[in-house]
Every structure is written in C-alpha cells, then in structure tokens.
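Structure record follows, encoded as structure tokens.
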Amino acid sequence: MRGAIALAAAVLGAGLAVSGAQAQAPKLKVGLMLPYSGTYAALGTAIENGFRLYVTEQGGRISGREVEYFKVDDESDPAKATDNVNKLVKRDNVDVLVGTVHSGVAMAMAKVAKDNDTLLIIPNAGAVAVTGPMCGQTIFRSSFSNWQPGYAMGEVAAKRGHRKAVTITWKYAAGDESAGGFKEAFEKGGGQVVKELSLPFPNVEFQPLLTEIASIKPDVVYTFFAGGGAVKFVKDYAAAGLKKSIPLYGAGFITDGTLEAQGADADGLLTTLHYGDGLDNAKDKAFRASYERAYKMAPDVYAVQGYDAAQMLAIGLDAAKGDVGRKADMGDRRRDQGACRPGPRLPHVRHGHSDLPGPVP
Ligand code: PHB
C-alpha cells in the first residue's frame, strides 16, 4: 500500500516536473541579419515578413519555444559583415542566425557560424561556396545557388535558337556565378557568350554598358540584377531602345518583387527561377492568401524563402527535440561526410507577366 502511494506521488511529481519544464522552456533566440537599407532593403523586409508569418501561424513558437527576435541591418556590406554577425552571436547569444541576401555577407556569416558552431539558415544568398566547400552540419539554405537559374536560362536560350549572347551583371559572387551558369549551359547548347559586362555592386550607372550592348548587337542579353538595381536596369534597357531589338533574359530576381515598379518596361522579359507566383497548388495558395492578409501586399520569392527558412528551422528543431545543441539530429548526416551537391536544375520559366509550364522546347 505504502509502495502504491509512493509510486503515485512519484508519477505526479514527474508530471509536475514536465509541465514545469515546458513552462520554463527558454525562449528561442533568432538573429535576423538582413539588409534593411540599400538596394536590397525590400528583399530583407520580405524575408523577415515571411519568416515571422510562419512563426505567427504556429502561435509564436517553434518546437514549443517562444521565439524572440534580434535584428541587425547588414546593409549588404561585406566589409561590415563579420562585426555585424558577431553582434548577434557574441553579444546577443542567439540560438540561430537567419540571413542574408548578399552572397559576400553570407560568406562571412557562414565562417562565423562554423567557428562558433552556431546554426545558420540562409534565406536567399546563393553563393555556391556556402553549401559547397563550406558545407557543414550547422549551415542550411532555403533558397538556391546562384548558378542554378543561370544554368537553366542558358539551356532555354540555346533551345530557342539564340547563338550570340552578352551577359551583364554586378561584379561579385552572385553576378559571376549566375552569368557563369548561363554561359556553361548556353555554350553547351551551341551558343557563344561574346562579352561579359559588369559593374561594381551596387552601382547603377548602366548607360555606358548599354551603349556597348547596342554596338555588339547580340541575339540575346542575359542578366542578374535584383532589388532597386533590377528596377533601374529594366527601365534603362527599355529607355535605351534595346528591348525592341534584343530580347532580355534573366534570373527571375530581375522581376521578382520589382515588376510593379517596372510596369510595361518588363513586358516580354523571360526569366528562370525556383519559384513562380502562378503556381497552382494548395500550399502555395494558402501561403499567398495568408501573406496578403497579414501584410496587405503580395508575397515575392524572398517572402517565400523567409517562410521556408522558418519551416526548415521548425522541422530541424523538432527532430532535435527543441535542443539547438543537438545539431547532428537536425539535418542530413551525410552532409558531414562531404555529401554537399549542387541542387537540382530549375524548370520554372516565366514569360513576361505570364507563366510557362517549363523550359521552352
Ligand atoms: C546574392 O547576393 O546571392 C543574391 C542577391 C539578390 C538576389 C539573389 C542573390 O536576388
């Protein structure tokens, strides 16, 4: 009898201990390092919106832990990146870093994340190296590699019969890798990139380069620009009279989130991306409706990637029973044995304002 009472007391005690532990589960500190100023400012805000939307839909918790946000504006400036990421890691002691847009900044984040064994989810920056040579069990990405949309468009351009191309982009990892992917597939398909034009990020003095394109007279131009720079490039391309004679193809960032500001100047552009706003599936429709309700505007690819980053965090943390220390339980263990590979090719092709089902035959 006494034994039964003791057992009941022990069970009750355990119950109290569990509910006490749940009530006291420490907050999950999420460090958002994103651009909130400069040419990529709107991209950073869309990523944060998407991330917060998913967390709000889960009642403000991930893996049972209330989410607390810490924010740093990285200004898309690689020179300030190490100091900025250290504010989140060393000063604020965040459990997970979420960022960023710019590849050069993301490289610095990946290094600090590795050195400090801090979880990092990259919601945009496509630098090939962060999931290639720098691949490790603390680094995840909810987006793309810069090479991917470029390669997909190189195939499309060659299949459409273009033979002579010029590429134009910002001179840093994103532009180089995007234009490099295009060139690789375009030349495999029988075309030739006759000139690789570039200007420093975030410069938008396109005029001399547009004059050069007019004198080269290629069959097609491939471009990577994004954010404020993408708006200006598309407008300048049309104003220079080039749109009428030389088709403009690009990674989908040229129009994603920027289409409204570009207006009719974006008509007829052909782009490739891992996401398109014309997707016809229940999950995407629910996401788009929820985002529009929350923010009174349509989501773009950056909002999707922010939402996906939060979903990845939830799945990983659930697998680790809410404990950020259990990194090996969060991802694919093969990643630690050098199993990082470039992702699959991207089939989604977008034509001006309407979606095509896949690469043009
Ligand atoms: C990048 O720097 O990797 C980058 C920036 C903006 C984009 C895409 C990629 O839209």
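Here are some notes:
- Selection of first residues in the stretch 164-184 that are more than 16 Å from residue 130 (Cβ to Cβ) and of second residues that are assigned to a strand (DSSP E or B) and within 8 Å of the ligand (Cβ to nearest atom), restricted to Cβ pairs under 7 Å at least 6 apart or on distinct chains, gives the following pairs, ordered by first then second residue: 169/224; 175/224; 179/224.
- Looking only at the stretch 32-54, and only at residues there that are in a helix (DSSP H, G or I) and either within 11 Å of the ligand (Cβ to nearest atom) or among the hydroxyl-bearing types (Ser, Thr, Tyr) (or both), the one that is farthest from residue 103 (Cα to Cα): 54
- Filtering the stretch 273-294 to residues that are part of a loop (DSSP other than H, G, I, E, B) and more than 24 Å from residue 160 (Cα to Cα) leaves 280, 281.
- Looking across the stretch 124-144, the residues that are in a loop (DSSP other than H, G, I, E, B), free of Cβ contacts under 8 Å to residues at least 60 places away in the same chain and surrounded by fewer than 22 Cβ atoms within 10 Å (Cβ to Cβ) come down to 133, 134.
- The set of residues from the stretch 273-293 being surrounded by fewer than 16 Cβ atoms within 10 Å (Cβ to Cβ) and farther than 24 Å from residue 155 by Cβ comprises 281, 282, 283, 285, 286, 289, 292, 293.
- Condition met for residue 151 (over 23 Å from residue 246 (Cβ atoms) and touching a helix residue (DSSP H, G or I) at 6+ places or on another chain (Cβ under 7 Å)): no
- Entry remark, the stretch 75-95: residues being crowded, with 24+ Cβ neighbours inside 10 Å and in contact with a helix residue (DSSP H, G or I) (Cβ under 7 Å, 6 or more places away or on another chain) number 4 in total.
- Filter pass, residue 268 being in contact (Cβ under 8 Å) with a residue 60 or more places away in the chain and not charged (D, E, K, R): yes
- All positions within the stretch 76-104 that are within 13 Å of the chain's Cα centre (by Cα) and within 17 Å of residue 138 (Cβ to Cβ): 98, 99, 100
- Restricting 310, 339, 328 to those that are among the hydrophobic types (A, V, I, L, M, F, W, C) and modelled with pLDDT of 95 or more reduces the list to 310.
- Test: residue 165 is farther than 15 Å from residue 274 by Cβ and either charged (D, E, K, R) or buried (at least 20 other Cβ atoms within 10 Å of the Cβ) (or both): yes
- Check on residue 113, within 14 Å of the chain's Cα centre (by Cα) and small (Gly, Ala, Ser): no
- Entirely in the stretch 172-272, the helices (runs of 4 or more DSSP H) that have 2 or more residues that are within 16 Å of the ligand (Cβ to nearest atom) and crowded, with 18+ Cβ neighbours inside 10 Å: 173-188, 227-239, 259-262
- Count of the stretch 295-306 residues which are within 16 Å of the ligand (Cβ to nearest atom) and in a helix (DSSP H, G or I): 6
- Test: residue in the stretch 102-113 that is buried (at least 18 other Cβ atoms within 10 Å of the Cβ) and not in a helix (DSSP H, G or I): yes
- The stretch 97-153, residues that are modelled with pLDDT of 95 or more, farther than 16 Å from residue 74 by Cα and near the ligand (Cβ under 10 Å from one of its atoms): 126, 127, 143, 144, 145, 146, 149
- Of all residues in the stretch 218-232, those satisfying the criterion of being touching a residue at least 40 places away in the same chain (Cβ under 8 Å) and closer than 21 Å to residue 273 by Cβ are 220, 221, 222, 223, 224, 225, 226, 227, 228, 229.
The values are calculated or read from the model by the stated rules, or taken from the named source; none is laboratory data. All values reported here derive from a predicted model rather than from experimental measurement. Virtual Cβ from ideal backbone geometry, glycine too; neighbours counted across all protein chains shown.
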